[in-house]
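Student: I am attaching a structure below and will ask some questions about it afterwards.
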Amino acid sequence: MEHGAFKDYIHFQVEYGPRLTDFYASGDYAHAKERLKAYSLKQRSEAKLIEAMKNRFGQGLQNHVFEKEKAFTTMLGDWNEGHTGKFQTSSKTSGWRKTFTAAKLP
């Protein structure tokens, strides 16, 4: 770590630390409520998307028996980004993969 960067960090902590401590110690949990609300809304919207996909395209693999008329495949990728390293997966793709895996979608 560079000496100058560490010095800047210490100055920031000395200046803003007491204000942040007062903010979080005040007992006002508005920030926590907003984070929880955002998380629950994200969960709800993902559940609605998965339910809509299941209703529209079918369940995919059901009881380990491949049903041709109801099978669908989800293709994941981030072809617009351009900043992901070679042979690396973008965080968007990883997040959707976890969501689809949890919902048991192919």
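Student: Residues of region 1-43 being part of a helix (DSSP H, G or I), among the acidic types (D, E) and at pLDDT below 85, which ones?
Tutor: Result: D22, single match.
Student: Would you say T73 is exposed (fewer than 11 other Cβ atoms within 10 Å of the Cβ), modelled with pLDDT of 70 or more and part of a loop (DSSP other than H, G, I, E, B)?
Tutor: yes
Student: Can S26 be described as open to solvent by less than 90 Å² (accessible area, probe 1.4 Å), under 30 Å from L105 (Cβ atoms) and among the polar types (S, T, N, Q)?
Tutor: It is false that S26 is open to solvent by less than 90 Å² (accessible area, probe 1.4 Å), under 30 Å from L105 (Cβ atoms) and among the polar types (S, T, N, Q).
The values are calculated or read from the model by the stated rules, or taken from the named source; none is laboratory data. These figures come from a predicted structure and were not determined experimentally. Backbone-built Cβ (ideal geometry, glycine too); neighbour counts: all protein chains shown. These area figures cover heavy atoms from the full protein model, side chains too; ligands, DNA and RNA do not enter into them. Shrake-Rupley method; radii C 1.70, N 1.55, O 1.52, S 1.80 Å.
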